[in-house]
């Protein structure tokens with residue numbers, strides 16, 4: 001059995017179902033050697049699933065207190081999932097997960113992972129039904145994830161496929177799509193990043209395989225990239241969800257090693 005840790009987790013501070021303490025207690029019960037808090041960062045506009053800007057310091061304080069309280073039981077790290085449109089925090093988090101949840105198009109913020117219905121509507125309205133133009137704009141944003149802050153985990157690299165199980169909306173083997181993703185990987189690997197292998201959409205019933213796809217994982221391996229397993233869990237029961245399947249997924253891509261800890265900010 002592979003050693004277990006999970007650094008992509010959400011609590012009641014944002015859109016999670018359990019408190020910070022309940023999450024770390026569940027991590028202990030599951031026998032994890034390390035665990036990380038990574039609430040959704042405040043957004044420049046109101047966001048019901050994010051930590052409010054005025055509450056970020058309190059989140060940091062409470063998470064840091066638990067890190068100290070549990071230090072003799074489990075190695076706890078205090079992190080943040082930093083959206084590409086979020087302001088850079090002033091707090092010294094142990095690590096950051098840099099992610100894209102929106103595309104900004106013609107002045108509108110288009111949510112990537114809200115619903116399939118919303119995605120179809122946005123692609124029709126803003127892209128004339130051209131999914132590859134939509135994915136192009138998405139991957140251009142992903143490629144910038146490490147531009148503002150050094151040493152990040154790249155969150156759910158191909159989140160744009162969340163509602164595309166079975167390629168029902170667009171073909172993920174199409175050269176246009178693959179070229180966009182490869183270009184983003186090349187750009188990100190110029191920086192000190194780790195790509196997470198994320199099972200969050202599996203635990204919520206949207207996907208049967210983790211992000212990134214096997215094609216992108218093979219490219220990451222070919223280019224010498226690194227990966228870390230991630231549950232992206234929004235409740236305590238989903239910590240390390242399907243990590244056995246995720247590990248098989250990365251082995252199919254030729255990757256044998258996963259990082260034990262996220263990159264620490266310096």
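Does any residue in segment 245-264 that is over 19 Å from residue 200 (Cβ atoms) come within less than 6 Å, Cβ to Cβ, of a residue that is surrounded by 16 or more Cβ atoms within 10 Å (Cβ to Cβ) and modelled with pLDDT under 95 six or more places away or on a different chain, and which pairs are these?
These pairs meet every condition: 263/151.
Please find, within segment 14-37, the residue that is farthest from residue 110 (Cα to Cα) out of those that are under 17 Å from the mean Cα position of the chain (by Cα) and surrounded by 16 or more Cβ atoms within 10 Å (Cβ to Cβ).
Of the residues in segment 14-37, the ones under 17 Å from the mean Cα position of the chain (by Cα) are 14-16, 35-37.
Checking the rest, the ones that are also surrounded by 16 or more Cβ atoms within 10 Å (Cβ to Cβ) come to 14, 16, 35-37.
On the way: 14: 20, 16: 22, 35: 32, 36: 29, 37: 26 Å.
By that ranking, first place goes to 35.
Return the total of residues in segment 125-173 being surrounded by 15 or more Cβ atoms within 10 Å (Cβ to Cβ) and under 19 Å from residue 218 (Cα atoms).
The total comes to 13.
Does segment 53-69 contain at least one residue that is farther than 26 Å from residue 143 by Cβ and part of a loop (DSSP other than H, G, I, E, B)?
No: segment 53-69 contains no residue that is farther than 26 Å from residue 143 by Cβ and part of a loop (DSSP other than H, G, I, E, B).
Looking at segment 120-152 only, could you name the residues that are assigned to a helix (DSSP H, G or I) and either within 30 Å of residue 226 (Cα to Cα) or in contact (Cβ under 8 Å) with a residue 60 or more places away in the chain (or both)?
If the condition is that a residue be assigned to a helix (DSSP H, G or I) and either within 30 Å of residue 226 (Cα to Cα) or in contact (Cβ under 8 Å) with a residue 60 or more places away in the chain (or both), then 131, 132, 133, 134, 135, 136, 137, 138, 139, 140, 141, 142 are the ones that fit.
Search segment 188-200 for residues being touching a residue at least 60 places away in the same chain (Cβ under 8 Å) and out of contact with any helix residue (DSSP H, G or I) (no Cβ under 6 Å at 6 or more places or on another chain), and hand back the single one that is farthest from residue 166 (Cα to Cα).
Looking at the filtered set, the residue picked out is 192.
Run down 40, 10 and say which single residue is surrounded by 17 or more Cβ atoms within 10 Å (Cβ to Cβ), under 20 Å from residue 156 (Cα atoms) and touching a helix residue (DSSP H, G or I) at 6+ places or on another chain (Cβ under 9 Å).
10
Residue-wise test of (1) in contact (Cβ under 8 Å) with a residue 60 or more places away in the chain; (2) farther than 19 Å from residue 165 by Cα; (3) buried (at least 21 other Cβ atoms within 10 Å of the Cβ).
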residue: 210; (1), (2), (3): no, no, yes
residue: 216; (1), (2), (3): no, no, yes
residue: 221; (1), (2), (3): no, yes, no
residue: 224; (1), (2), (3): no, yes, no
residue: 235; (1), (2), (3): yes, yes, no
residue: 240; (1), (2), (3): yes, yes, yes
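The values are calculated or read from the model by the stated rules, or taken from the named source; none is laboratory data. All values reported here derive from a predicted model rather than from experimental measurement. With ideal geometry, Cβ positions are generated from the backbone for all residues, glycine too; neighbour counts draw on all protein chains shown.
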